[in-house]
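Below is one structure, written out as structure tokens; comments come after it.
The values are calculated or read from the model by the stated rules, or taken from the named source; none is laboratory data. Being a predicted model, the structure only gives us computed values, none of them experimental. All Cβ positions, glycine included, derive from the backbone under ideal geometry; neighbour counts span all protein chains shown. Side chains are part of the model used for accessible areas, which takes the heavy atoms of the whole protein and leaves out ligands, DNA and RNA. Shrake-Rupley method; radii C 1.70, N 1.55, O 1.52, S 1.80 Å.
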2 protein chains.
Amino acid sequence: MANTSLGAGLQLRSTVKKDGLLDLSLTTVPTPEPKPEEVIVRIDASPINPSDQGLLFGGADMSTARISGPADSPVVTANISPAVMKAMAGRLDQSLPVGNEGAGVVVQAGTSPAAQALMGKTVAILGGSMYSQYRCIKAVQCLVLPPGTTAAEGASCFVNPLTALGMVETMRAQGHTALVHTAAASNLGQMLNKICIKDSVGLVNIVRKREHVDILKKIGATHVCDSSSPTFMDDLTEALVTTGATVAFDAIGGGKLAGQILTAMEVAANRTAKEYSRYGSTTHKQVYIYGGLDRGPTEFNRTFGMAWGIGGWLLTPFLQKIGFEAAQQLRERVAAEIRTTFASTYTKEVSLAGALQLEEIAVYGKQATGEKYLINPNKGLR
Amino acid sequence: MANTSLGAGLQLRSTVKKDGLLDLSLTTVPTPEPKPEEVIVRIDASPINPSDQGLLFGGADMSTARISGPADSPVVTANISPAVMKAMAGRLDQSLPVGNEGAGVVVQAGTSPAAQALMGKTVAILGGSMYSQYRCIKAVQCLVLPPGTTAAEGASCFVNPLTALGMVETMRAQGHTALVHTAAASNLGQMLNKICIKDSVGLVNIVRKREHVDILKKIGATHVCDSSSPTFMDDLTEALVTTGATVAFDAIGGGKLAGQILTAMEVAANRTAKEYSRYGSTTHKQVYIYGGLDRGPTEFNRTFGMAWGIGGWLLTPFLQKIGFEAAQQLRERVAAEIRTTFASTYTKEVSLAGALQLEEIAVYGKQATGEKYLINPNKGLR
């Protein structure tokens, strides 16, 4: 295949302007000539993850969004509250590319053997700027998908799969033997169930709706607790006693759930205590908040002794901590099981311009379970 | 000195009864014959620390307290709410002795040389049941006070001094270089200032009243932020920038302060950031809650990125973690500096019966800065 220049491609950009407005638009960027160790990937699929939406929307109130410009190059504008603007100081007036991960075909390659070996292959990549038609990236960063895998199947190889694997690895590294997960019927939550079933790890799933219990039971989950049920705290405590889970990963963030989990863990720990301990159980109980589906304040009564922690958890520092070799093993497991353990499902595939339609933003912006979108930057353009 | 039996002595007891009532009373307990490695200490001084009050009051609403019985052996009764009773399940109908630490004179000793060597010495001891006239304890647990030190001067050798030293040690062990402390004008807070001045460690003091600023400035504190001031968040941020403090020890527990500290730490960390980081600063920011002066819920907005933690901190697990040798070094430093760095002041000295008077409970039960009581179990009885 000849290495001809690809010219230029569309890219989605997000700008937080000094005057308190968010601006989303498409721009044309030149596709660079790949250096010897680099390749050009034509992005055919890139998911809109919750973790993309922080950068994409810049904390704007999307109920105020309005659209202008031509149909194939719309501009979306929305208001950002003064309180949120304070947190945006670091990105003012910068036109930022978006999209953590994606997959596509290597259409141009640098002169190195490693780059040349990838020509024509379907690969998954991580590293930002994925809501673009073409992405230049180092060959070593490309995860080659098993033959026959489509870009859509491989689009979510990193964020959700590595986060789910990272939770299990963190659990093990910190001496816990089972774990709790919230918003558990999500794509990520389903992957986590498949991992835990395969690896025989105890998992307590917390969901917020009755119908989500069924989703998880269908894929073989043992412990599913519905936080909307009047028996939630009792159900959770029983599941914690059975599994011995003392660490939780919480995608919700706001509200009382983190504290409820710690409280139930404390009750479970005290079930087996032999004498009264005035400062509560000595078992360390930990909740890691890794998402913010509820953007409201976190609130808890400290009714769980003194051996507890709540903290942030993020994929990138976790991968840095375990090092390249260990991270590479996790990535290779993902590629090998991308159509089984790590399979994702999407509600809809949209083009770059489609992702900027107000009616689409209204759906994927909710971050509701089962409403995940896939952007195909080359949709309708090839 | 002859090892004659001491017969019996009074002891303060706290009972949470199944019917939801707290019962505080004095009981007479036999003083045991010391084993070879043990001594009997006549307790002449034992502080009422905030950490004693949890066990003492059992979460009862002390505004409902009433008193009965004779003047020298009163019985205090108070109501416990059903919600609190749940947390008391482990101690129902058990008559529990109280008092973490104290000091007094060794009046009887076991036959071992180590025990005999302590006869007549004024010692400080830790281990519960200190609101008693006599306490049997292993000789190895006695901290001999420097000659001329009174029991009142040595009564608080452990809880506050070791907690203050433990904060500085924890800061160092976790790679922080300066620290924040709340309710900072307390006895403990004043000790922490003296330690940090002596050891050249940066310390940001947070107080809740204007007059507490002056208390700390007088003993040489550099950074004192008043949370009741309208400029509190700015003052705190500036102090964090100057000191580089990224760990805090919080005695308050409830309310918004822990979150405010993390928010200010994040602003301080971002002052020096070179480019926009979508998940906030990568500097780990930690708040340890070690007290509960505000028993209400803890609430925070997660406006401080993802590299943060909030958790419980307790002296005993800290001492277990560092091991006996390291802990002994800290204890010896306390004894050597008990009249300077680790000097405590008390509002009032009361007898065991005096500690059960409603008007006294109303004062020390507030746990207000500068209102610390000392119990002398042998007051008026010798």
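For a paramagnetic label modelled on B:Asp19 (point 7 Å from Cα along Cα→Cβ), amide N atoms under 13 Å away belong, within the stretch B:73-101, to B:77-80. Rounded to the nearest 0.05, the FRET efficiency derived from the C-beta distance between B:Glu299 and B:Ser68 at R0 = 60 Å is 0.90. When you restrict to C-alpha pairs under 8 Å that are six or more residues apart and normalise by the size of the stretch A:1-124, the relative contact order lands at 35 percent. Per residue of B:292-300, other chain Cβ atoms within 10 Å of the residue Cβ number 4 on average.
Cα centroids of the stretch A:48-95 and the stretch B:318-356: how far apart, whole angstrom? Their Cα centres are 56 Å away from one another.
Run the numbers on the stretch A:126-229 and let me know its relative contact order in percent, using alpha-carbon pairs under 8 Å that are six or more apart. Contact order relative to length: 20 percent.
A convex hull fitted to the Cα coordinates of chain B yields 148 cubic angstrom per residue. In this calculation the C-beta distance from B:Val29 to B:Ile322 is compared with R0 = 45 Å, giving a FRET efficiency of 0.85.
Relative contact order of chain A, taken over Cα pairs closer than 8 Å and 6 or more residues apart, is 18 percent.
List every residue whose amide H lies under 5 Å from the amide H of B:Gly9, counting only residues 5 or more places away in sequence or on a different chain, with H placed 1.01 Å from N in the peptide plane. Here B:Val29, B:Thr31 satisfy the definition. Ordering B:Leu257, B:Pro47, B:Gly58 by the projection of their Cα atoms onto the charge dipole of chain B, which places +1 on the Cβ of Lys and Arg and -1 on the Cβ of Asp and Glu, puts B:Leu257 at the extreme positive end. For the stretch A:310-382, with all protein chains in place and a probe radius of 1.4 Å, 52% of the accessible heavy-atom surface sits on carbon or sulfur.
Start at zero, step by 5 Å, and the Cα-Cα distances of the stretch A:1-107 spread as 2, 11, 18, 21, 17, 13, 9, 6, 3, 1, 0 percent across the bins.
Copy-to-copy label distances for B:Thr177, where each label lies 7 Å from Cα along Cα-to-Cβ, are 4.3 nm in order of increasing length. Can you give the FRET efficiency to the nearest 0.05 for B:Ala362 and A:Gln174, using r as the Cβ-Cβ distance and R₀ = 60 Å? Efficiency for this residue pair is about 0.85. When chains A and B come together, the accessible area they lose, probed at 1.4 Å and totalled over both chains, is close to 2700 Å².
Distance from the alpha carbon centroid of the stretch B:134-182 to that of the stretch B:217-240 works out to 26 angstrom. The value obtained for the protein assembly as shown, namely the Cα convex hull volume divided by the number of residues, is 177 Å³ per residue.
Helix A:257-271 axis versus longest C-alpha principal axis of chain A: approximately 40°, rounded to the nearest ten. Counting only DSSP beta bridges whose two residues both lie in the protein assembly as shown, roughly 60 percent are antiparallel. Summing Cβ point charges (Lys, Arg +1; Asp, Glu -1) relative to the Cα centre of the stretch A:57-134 gives a dipole of roughly 100 debye. Ranked from shortest, the separations from the 7 Å Cα-to-Cβ label point of A:Arg333 to its equivalents in the other copies are 4.3 nm.
Restricted to Cα atoms, the stretch B:143-183 shows a radius of gyration and a Dmax of 13.9, 39 angstrom. With label points set 7 Å from Cα along Cα→Cβ, the inter-copy distances at B:Glu33 are 9.9 nm, sorted shortest first.
Classified by the C-alpha gyration tensor, the stretch B:170-248 has an oblate form. Its axis ratio a/c, with a ≥ b ≥ c, is 1.5 or above, and a/b does not exceed b/c. Volume per residue for the stretch A:92-203 equals 166 cubic angstrom (convex hull of Cα atoms). When the helices of the protein assembly as shown are scored as -39500 (n - 2.57) per DSSP H run of n ≥ 4 and the total is divided over every residue, the value at 222 nm lands at -8500 deg cm²/dmol. In this structure, the residue pairs whose Cα-Cα separation is over 18 Å, taken from B:Lys194/B:Lys321; A:Lys18/B:Lys285; B:Lys17/B:Lys86; B:Lys194/B:Lys218; A:Lys256/B:Lys285; B:Lys348/B:Lys372, are B:Lys194/B:Lys321; A:Lys18/B:Lys285; A:Lys256/B:Lys285. Each Lys and Arg adds +1 at its Cβ and each Asp and Glu adds -1 at its Cβ; summed about the Cα centre, chain B shows a dipole of about 240 debye. Taking Cα atoms, how many degrees apart are the long axis of helix A:187-199 and the longest axis of chain A, rounded to 10 and kept between 0 and 90? Relative to chain A, helix A:187-199 is tipped by roughly 60 degrees.
In the stretch B:248-369, the C-alpha radius of gyration followed by the widest Cα-Cα span (Dmax) gives 19.9, 64 angstrom.
Each Lys and Arg contributes +1 and each Asp and Glu -1, all at the Cβ; summed about the Cα centre of the protein assembly as shown, the dipole is approximately 300 debye. Potential lengthening of the chain between B:Ser229 and B:Thr150 amounts to 24.4 nm, from the contour at 0.36 nm per residue minus the alpha-carbon distance.
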